[in-house]
Amino acid sequence: MEMTANMNERMRRWIFLAFGTAFLALFCYSVEDMPAWGHYRGPYGYVIANIAVFERHATDTVNAINYDCRGFDTLNEEFILFTAVLGVMMLLRQERGEESASTIAGRVPDRSVLSTTIQAVAIPAVFLTTLFGFYIGLHGQLTPGGGFQAGVILASASLLVYLAQNTEAFKRITSHPAMEVVEAAGAASYAAIGLTGILLGMPFLANFLPLGETGDVFSSGTIALISACVGVEVTAAFLLVAFTYLEEIISGQVSER
């Protein structure tokens, strides 16, 4: 048995080296003819840069592309994330009749909290991270950022609470059923915005809101609204993944301290 296991390990290593070498060769071939840094060849970027401010009052062309020019593709990407999180939750769900989290071998007890000094530093860090997340999300149509980036930052703020405290503290601020509803609502809101345009006699995801003043937080019409919906979905998605993994590996019997 030991010899077979060693052979399997060697075989896996050789297979990895073979495919890794092939992938490295393809990667080097693909980047060989790339333009030098700062020398953009394609015309489409210049076109977007010229029309984004005029047509959508958005000074960040990346969000103008994501939520307008290729808004349908971004919608698909959001639902890919939604489906991936759903898959993780289904794979790691606890069936009825299974042993409780505290009795399964390999679970890590999470009864202790970190020092008072770390907790004192973590509290303002949570506040600043949350504030920065809202800033990135609300200004995505003006400066680099947007819903995807803001969602990751806001989810990180809740994880800081877990790092400074324990699983029980994390659970108190991230209700599992509530996060499921919030994630579904965020993903559905994106599609609902697109369908609203159809109901108003316009193409799917066409803008139907006032564009506002260029440079203002409430400019760009549906771009800012879609970015906010994406931020809600991404925040809930990352919190659900973190919550699910914590349930899988940590017993969380904090009340027994």
Please check: in the Gaussian network model of the chain (C-alpha springs, under 10 Å), which one of Glu78, Glu32, Glu247 has the largest mean-square fluctuation. Glu32
Which of Asp73, Asp216, Asp33 fluctuates most in a GNM of the chain (C-alpha springs under 10 Å)? That residue is Asp33
Top mean-square fluctuation among Met34, Met89, Met202, Gaussian network model of the chain, C-alpha springs under 10 Å? Met34
What nm value, rounded to one decimal, do you get for the distance between Leu24 and Tyr44 when each label is placed 7 Å out toward the C-beta? 3.2 nm
Per-bin percent of Cα-Cα distances, the range 1-81 [5 Å]: 3, 11, 11, 10, 10, 13, 11, 7, 7, 6, 5, 3, 2, 1
[x] 0.98; [y] 0.95; [z] 1.07, with the label sought being that of the calculated Rg/Rh (Cα atoms, Kirkwood Rh): [z]
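Only the coordinates and a few stated rules stand behind these numbers; no lab work does. In this text, all values refer to a predicted model and were calculated from it rather than measured experimentally. Positions of Cβ are backbone-derived with ideal geometry, glycine not excepted, and every protein chain shown enters the neighbour counts.
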